[in-house]
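The values are calculated or read from the model by the stated rules, or taken from the named source; none is laboratory data. Computed from a prediction, not measured in an experiment: that's the story for all the values here. Note that we place each Cβ from the backbone using ideal geometry, even for glycine, and neighbour counts take in every protein chain shown. Please note that ligands, DNA and RNA were not included when accessible areas were found on the heavy atoms of the full protein model with its side chains. Shrake-Rupley method; radii C 1.70, N 1.55, O 1.52, S 1.80 Å.
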Amino acid sequence: MLAFLRRNQVLLTSFVCVLFSLYILSAAARGHLSRDPIGPLLLGLMRPLQIAALGTIGKLLELQGKYMAFKGIASENERLKGRIVELEAERNRLLEAEATNRRLRELLDFRSQLPPGAVTAAVIGNSASTWFRSFILDKGSADGLFKGMAVVSPVGVVGQIVSVTSRSAKVLLITDPHSGVDVMVQRSRARGIVSGSLDSGPIMKYAKRSEDIQEGDRLITSGLDGIFPKGLLVGTVAKVRKKSFGLFQYVEVALAVDPAQLEEVLLVSAEAPGPKK
Amino acid sequence: MKLSLLFLLVGFLVVLLQTTFLHLLPLGPIVPDLILVLCVYWGLNHPTVGAVLGSFLLGYSVDVFSSPVLGLNAFAMSLVFLAVYLSSRCIWIHSPLLSSAVVFFASWIKGAALILVGTLFFAVEGLWIGVLKYIFLEALAAAILAPVVFALLRRGQSLLEEVRMPL
């Protein structure tokens, strides 16, 4: 028996891992997974590394920028080259500072329009998989964040928090196929759910055939999902197609926000966090 | 022991790369799946109990960083390891081209596992639509990177094994 176990230990451990992951999945799907002992540890371990990596990326991009600035001015003399590089670096610094300033001012202006308790956070990590659209924020429950908070930018809706540790939070983006935001057409008040899709980009689901929806219509949050405050811009209708059958029409959405471009976001809640069950 | 430490560090590095630097590559939404490549390497060249647990933990870390629910990728990576391990008992795979092919097919196994689990447990609507394109592109990116990653891992492994050998 022992010899059999020893001979097949890899195979048996693999089967146990497959079954255990199915057990985790099943518990998570039914909402019975109350504690995740490894997740916060992993996020905590990776947080400083991710911040350092982002710093390195910034430095590399700066280096690349300098390299590009150097290219093509080989014929100029050394003094002028040095001066240009200095000025270029100075200009880059100022432009970056100005851009950051502008972004933060926009965030502050936008924050004053949101319900009280809005928190600003920076994006420190992206999704590790092609299949999911998510990112990691540098703030967590210690900063007042909790699961179910809406993530927005001055331009529009970004997503929602799906898990949170004391120092970081995971955001499920609006572009993920698992996400859903209750929206309405600003002009005709027609309602639906905006969700991501792997195929054609975000779509508006469950829009009835009889509803008046036209290309270019603005989509705003309805506030009925209890997550996003009412009236936030989600995007515009990019394409409407009515098939000859079915209850619903097919609506493609051009999102107001490109999540890949975001560096800072605001977190708001339609309601305060309830007591822990 | 040194080898386990090396693989632990590589695991951390791969997760870090996948959540930061690899997003800079001009591949649109496709993130080359180095985690899958590492699991395939373990299944082919280092099939131990530690490697099984490593594959499970790497999948779990993808769940922690990306997936809305825990267990999805842990299941997929464990399955990939199992499939690669079983096939490695039947086929001798040592050339870079063949390792690329294994990674390519392993990526399809992962994709199929994710769709199956997504459909069975979460009834995600429309997950099938357009998914073949994604699986293909992801599998292609992983297969292209596989020979380089395999060569680096083999080099690291052989260095440590040389050190361990008695004089």
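Each label point is 7 Å from the Cα along the Cα-to-Cβ direction; what then is the distance between the points at A:Gln9 and A:Val85, in nm?
Using points 7 Å along Cα→Cβ, the separation is 5.7 nm.
Could you list the square roots of 5 times each eigenvalue of the Cα gyration tensor of region A:102-150, that is, the equivalent ellipsoid semi-axes, sorted largest first and rounded to whole Å?
The three semi-axes for region A:102-150 are 23, 14, 10 Å.
For region A:37-112, what D do you get in µm² per second when you plug the Kirkwood radius from alpha-carbon pairs into Stokes-Einstein at 25 °C and 0.890 mPa s? Don't skip to the end; give the middle numbers.
Values: Rh = 15.6 Å.
The Stokes-Einstein estimate is 157 µm²/s.
Scanning chain A for helices, which whole DSSP H stretches are 20 Å or more long along the axis (Cα) and average -0.5 or more by Kyte-Doolittle? Write out the running numbers ahead of the final one.
Numbers: long enough: A:9-29 (29 Å, 1.99); A:39-70 (44 Å, 0.79); A:78-113 (52 Å, -1.02).
Qualifying helices, which must be both long enough and hydrophobic enough, are A:9-29, A:39-70.
Go through region A:1-72 and name the trypsin sites (Lys or Arg not before Pro) that are in a DSSP coil and have 14 or fewer other Cβ atoms within 10 Å of their Cβ.
Loop-located and lightly packed - A:Arg30, A:Arg35, A:Lys71.
Which whole-Hz ³J(HN,Hα) couplings does region B:47-60 yield from phi under the Karplus relation 6.51 cos²θ - 1.76 cosθ + 1.60, θ = phi - 60°, glycine and proline marked x?
Per residue, the Karplus-derived 3J(HN,Hα) values read x, 10, 4, x, 5, 4, 5, x, 4, 4, 5, 5, x, 5 Hz.
Mind running the shape call on region B:1-48? Use the C-alpha gyration tensor, a ≥ b ≥ c as the square roots of the eigenvalues: rounded below 1.5 for a/c, prolate if a/b tops b/c, oblate otherwise. Provide the component values of the computation, followed by the final result.
Working: a/c = 4.64, a/b = 1.87, b/c = 2.48.
In terms of gyration-tensor shape, oblate.
Taking H placed 1.01 Å from N in the peptide plane, check which residues at least 5 places from B:Ser66 or on another chain put their amide H under 5 Å from its amide H.
Residues meeting the criterion, in which the H sits 1.01 Å from N, are A:Ala128.
What distance in nm separates the two pseudo spin-label positions at A:Thr120 and B:Leu97, each 7 Å out from Cα along the beta-carbon direction?
Going from the A:Thr120 label point to the B:Leu97 one covers 5.7 nm.
What's the magnitude of the charge dipole for chain B around its Cα centre, counting Lys and Arg as +1 and Asp and Glu as -1 at the beta-carbon? Answer in Debye, nearest 20.
Using Cβ point charges on Lys, Arg, Asp and Glu, chain B gives about 320 debye.
Hey, what did chain B get for relative contact order, percent, Cα under 8 Å, at least 6 apart?
25 percent.
Which value in nm describes the separation of the simple spin-label points at B:Leu159 and A:Arg102, placed 7 Å from the Cα toward the beta carbon?
Distance between the two pseudo-spin positions: 4.6 nm.
Positive end of the charge dipole of the protein assembly as shown (Lys, Arg +1 and Asp, Glu -1 on Cβ, about the Cα centre): tell me which of A:Ala29, B:Trp108, A:Val253 has its Cα farthest that way.
It is A:Ala29.
Do you know the relative contact order of region A:195-277, to the nearest whole percent, from alpha carbon pairs under 8 angstrom that are 6+ apart?
29
Round to the nearest 10 and report in Å² the accessible area of B:Ile35, as given by a 1.4 Å probe over the protein chains' heavy atoms.
We get 0 Å² for B:Ile35.
Tell me the mean residue ellipticity at 222 nm calculated for chain A from its helices only (DSSP H runs of n ≥ 4, each -39500 (n - 2.57), averaged over every residue, nearest 500).
The per-residue figure over chain A is -12000 deg cm²/dmol.
Dipole of region A:37-112, Cα-centred, from +1 at each Lys and Arg C-beta and -1 at each Asp and Glu C-beta, to the nearest 20 debye?
For this selection, approximately 100 debye.
Where does the charge balance sit around A:Ala122 when Lys and Arg score +1, Asp and Glu -1, over other residues with C-beta under 13 Å from its C-beta?
0
For chain A, with only Lys/Arg (+1) and Asp/Glu (-1) charged at the beta-carbon, what is the dipole magnitude about the Cα centre, in debye rounded to 20?
800
Just flag the chymotrypsin sites (Phe, Trp or Tyr not before Pro) in region A:109-147 sitting in loop per DSSP whose Cβ has no more than 16 other Cβ atoms within 10 Å.
Details: sites: A:Phe110, A:Trp131, A:Phe132, A:Phe135, A:Phe146; in loops: A:Trp131, A:Phe132, A:Phe146.
Answer in residue order: A:Phe146.
Over all alpha-carbon pairs in region B:33-162, figure out the percentage whose distance exceeds 16 Å.
Working: 5192 of 8385 pairs.
Cα-Cα pairs in region B:33-162 separated by more than 16 Å: 62 percent.
When we measure straight from the Cα of A:Lys139, which lysines land under 29 angstrom away, once same-chain ones fewer than 8 places off are left out?
The reachable lysines, counting only those whose Cα sits under 29 Å from A:Lys139, are A:Lys59, A:Lys147, A:Lys170, A:Lys230, A:Lys276, A:Lys277.
Checking the a/c ratio against 1.5 first, then a/b against b/c, what shape does the Cα gyration tensor give for the protein assembly as shown?
In terms of gyration-tensor shape, oblate.
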